[in-house]
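Colleague: Below are the structure tokens for one structure; questions will follow.
The values are calculated or read from the model by the stated rules, or taken from the named source; none is laboratory data. Remember, predicted model here, so these are calculated numbers, not experimental data. As a convention, Cβ positions derive from the backbone with ideal geometry for all residues, glycine included, and neighbour counts pool all protein chains shown.
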Amino acid sequence: MRYSLFLFLCLLASLAGAVEFDEHTRQLPLGRHMEVFEDVRGDASIDEILSPALQGSFRRFDRDVLNAGYSRSVFWLRLDLDYRPQAARGQQAWLLELAYPPLDHLDLYLADGRGGFQLAQRTGDAHPFTSRQIRQNNYLFELDLQPGQPQRLYLRLKSQGSIQAPLSLWSPTAYLEAQPGRIYVLGIIYGVLLVMLIYNLFIYLSVRDTSYLYYILYIASFGLYQVSVNGAGIEYFWPNSPWWANAATPFLIGSAALFGCQFARSFLHTAEHSPWIDRSLLGMMALGALAMLLALTASYGFSLRWATYVALLFTVVIFAAAFSAWRRNMRVARYFIIAWSAFLLGGIVNTLMVLGYLPNMFLTMYASQIGSAIEVGLLSLALADRINAMKEERARILYESGRKLEALNQELANSNRLKDEFLATVTHELRTPMNGVIGSLELMQTVALDAELAQYQNTAASSARDMMRMVNDILTLTELQAGKLYPRREPFSLRGLCDGLHGQFNPRAEAKGLSFSLELGDSLPDTLEGDAGKLAQCLGYLLDNAIKFTSTGGVCLRVRRAVVERGSLPLCVEVIDSGIGFSVPADGSLYRRFQQLDGSMTRAYGGLGVGLAICRQLVDLLGGTLSHQSMPGQGSCFQLCVPLSLPAQTAVASTPKHAAGTPGRHPEQCTVLVVEDNAINQLVTRGMLLKLGYRVRYADNGAEALELLRREAVDAVLLDCQMPVMDGFATCRALRALPGCAELPVLAITAHSHSGDRERCLAAGMSDYLAKPVKFEALQTLLQAWLLGQPAGSPPPGVQA
């Protein structure tokens, strides 16, 4: 009875010094509020600890964190907690945290309600991860504290490694709110290591330098060591292997020392420049390998102490190697010294903390991780600098070859540019003589010829038209390459476009005994908005090929619509033939310019091989698609889809308005001034005008034309755009300033065919536009509209239709 009373009085006296806290407490460090008893023999039980003799052996701890270093003793911690909320409330849950994951054994004893204490939780690094009450890398215990009722608890600590006890009491909410900061720090550290590992792995796979391989193995070893020390290893990688959870730490320290020394030897070339440093590194590699072996065979305590001393010696030797390389004026040594200085400082701080010479706090706990992250980043910079040095050396060696290659590339680019310019110039210049040839042949049709001469004339005219088509194809191709073509948006008649194509290609098909069918969807509107000229040009290339490569059967032009979407109409046109077909080339050469599927000298079909290339580029320019299907011997089908628009009901056509002229006038009453510097074209144009009955005046350049207009009046001017002294555009602007010439019809004639030429002519004040070669019917129609006041296609007065 006397003994029980004495124990009760001792308990009351000790509880009088319990740490008090209320519901507003978020975190309470318990280092200075706990009492510690060191059980040197390590065999005391909880009943013995509760005895009066040992109760008096507990001593108040006067530091924030218990740091016993490597000790074989068992440490008992006694805590008295007094929860005194300011507002009346019931039982409150609190979290007791011991933030040192490498601790081997940790037992929690709580009051059993009968005056004694019982084991409430047993966990530690030497137990499976499932033994933890709350699954965290640190040790967490949930305590249910009654308001105003002091509660005592005991913690028993035992470990073969360093014994640390950073003990805190948390409210659950505060603990959850504090976790992101710690996770962010660890995430940054692990992220740096992982990024550097992957980065150097890719570099190693690219350059096959063994320095990168050793560095990758070093990063992997040290990164896994940090994972093991921080408790993430047993939490995520080996939760059911307590033995490896302990053995991994010394094993990975030895592995990091082994591969780190080999990396230093390879990176700094110590075998060539510093034999004694190289031998020291080899010795450290042997010690690291021995640490790995001891981790697997010896006790955890001995192997961990061995690995710790190896780590200290490793940082010193590595730093000495870096300093030696710096004295040899190695370029990368400065990065190496700074990197290993950061690692050395972090390692020393962490080791002194583990040995008990520094307090356990956030900075000392994670000093080696922070230092290693800095070191890994700086060493990656050193490796990158080494790559830069190698690149500079290669660049110096290959400088002359690179300069020669650059000169050859420049020469090739100039050759391509000159080729395109040459093609554009040649095709442009060919238009002028071809205008004379075609014009003369058309004039021959107006005179009586016998059958033989008529046949010769037809042959010459057909050959001239073929030649002109090839010139136009090459010019279109060069304009596409130069980016001088752009799509127009003008209203046009879809049926008129299709009927025109049918009228153009049907005679050719009939001449070969082929059928030519036109299938136009009934639901298609007749008036659409788009670039009819380029669409007709694309279809012309496809129809030309279809007729060319078809000997029996026929050709079909099928036009259909897609789904209409808010004023737009995607138009799909198919050109189908029953010709020879082809195997689709895998290299995409079908749409290459100047390329044919059969490019031999004995090929059966001629042509430049630019039709499909121009067609594809024109379709791309219009924002459409071009696809094909074909089988040898079974014909082909090319499908062209372009987006068109439905014109607004109130849209007004942008075509120039023709002058009404004087109804009833005859060509003999009209004088036309021809301004042309080329004598042949001047002769041909003059002949056409005389055949049509007009009076003709001519001038060789713009200056002569202006002088003539000052002296006499004319009814119209046919003006060549490209002339010496004064070109057609300047001539027209000057002409409009002359008295009585403001409304004079000025009709442009040019060998150019750029998309913007028509707009350029109209902007310069010209009335209309006619491209070379000038055709007899086109000239007749244009003059009828501007001079005789007749609709296009109407015969002049006095002429029978």
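Colleague: Can you name every one of the helices (runs of 4 or more DSSP H) wholly within the stretch 231-338 that holds 2 or more residues which are within 18 Å of Leu217 (Cβ to Cβ)?
Modeller: 242-268, 275-297, 300-327
Colleague: Answer yes or no: is there a residue in the stretch 305-328 that is touching a strand residue (DSSP E or B) at 6+ places or on another chain (Cβ under 8 Å) and either within 20 Å of Arg72 (Cβ to Cβ) or modelled with pLDDT under 85 (or both).
Modeller: Within the stretch 305-328, one or more residues are touching a strand residue (DSSP E or B) at 6+ places or on another chain (Cβ under 8 Å) and either within 20 Å of Arg72 (Cβ to Cβ) or modelled with pLDDT under 85 (or both).
Colleague: Could you list all residues from the stretch 629-645 that are surrounded by fewer than 16 Cβ atoms within 10 Å (Cβ to Cβ) and either closer than 19 Å to Arg616 by Cβ or at pLDDT below 80 (or both)?
Modeller: Gln629, Pro643
Colleague: Give the stretch 120-132 a look and list any residue that's in contact (Cβ under 8 Å) with a residue 12 or more places away in the chain, surrounded by 16 or more Cβ atoms within 10 Å (Cβ to Cβ) and either within 13 Å of Ala232 (Cα to Cα) or not aliphatic (A, V, I, L, M) (or both), or say none.
Modeller: Gln121, Thr123, Gly124, Asp125, His127, Phe129
Colleague: Quick check on my filter: what residues within the stretch 50-78 are assigned to a helix (DSSP H, G or I) and either farther than 22 Å from Ser159 by Cα or touching a Leu at 6+ places or on another chain (Cβ under 7 Å) (or both)?
Modeller: Initial filter on the stretch 50-78 (assigned to a helix (DSSP H, G or I)): 52-55.
Correct list: Pro52, Ala53, Gln55.
Colleague: crowded, with 21+ Cβ neighbours inside 10 Å and assigned by TED's automatic domain parsing to the domain that holds Glu48: does that describe Ser159? Please lay out each step first, then the result.
Modeller: Details: crowded, with 21+ Cβ neighbours inside 10 Å: yes; assigned by TED's automatic domain parsing to the domain that holds Glu48: yes.
Taking the combined requirement at face value, the residue satisfies it.
Colleague: Further, regarding this structure: Somewhere in the stretch 583-595, is a residue at pLDDT 65 or above, under 20 Å from Leu497 (Cα atoms) and of a type outside the set (Lys, Arg)?
Modeller: no
Colleague: Go through the stretch 269-289 and give me each residue that's closer than 22 Å to Ile348 by Cβ and either of a type in the set (S, T, N, Q) or surrounded by 15 or more Cβ atoms within 10 Å (Cβ to Cβ) (or both).
Modeller: Selection gives Ile277, Ser280, Leu281, Met284, Met285, Leu287, Gly288.
Colleague: Let me ask something else about it. Checking the structure you have, find out if any residue of the stretch 191-200 is touching a Leu at 6+ places or on another chain (Cβ under 7 Å), over 23 Å from Val65 (Cβ atoms) and outside any loop (DSSP other than H, G, I, E, B).
Modeller: For the stretch 191-200, residues touching a Leu at 6+ places or on another chain (Cβ under 7 Å), over 23 Å from Val65 (Cβ atoms) and outside any loop (DSSP other than H, G, I, E, B): present.
Colleague: Could you go through the stretch 547-557 and let me know if any residue there is in contact with a strand residue (DSSP E or B) (Cβ under 8 Å, 6 or more places away or on another chain), modelled with pLDDT of 75 or more and among the charged types (D, E, K, R).
Modeller: no
Colleague: Is one or more of the residues making up the stretch 90-99 outside any strand (DSSP E or B) and either basic (Lys, Arg) or closer than 30 Å to Leu304 by Cβ (or both)?
Modeller: Yes, there is a match, as at least one residue in the stretch 90-99 is outside any strand (DSSP E or B) and either basic (Lys, Arg) or closer than 30 Å to Leu304 by Cβ (or both).
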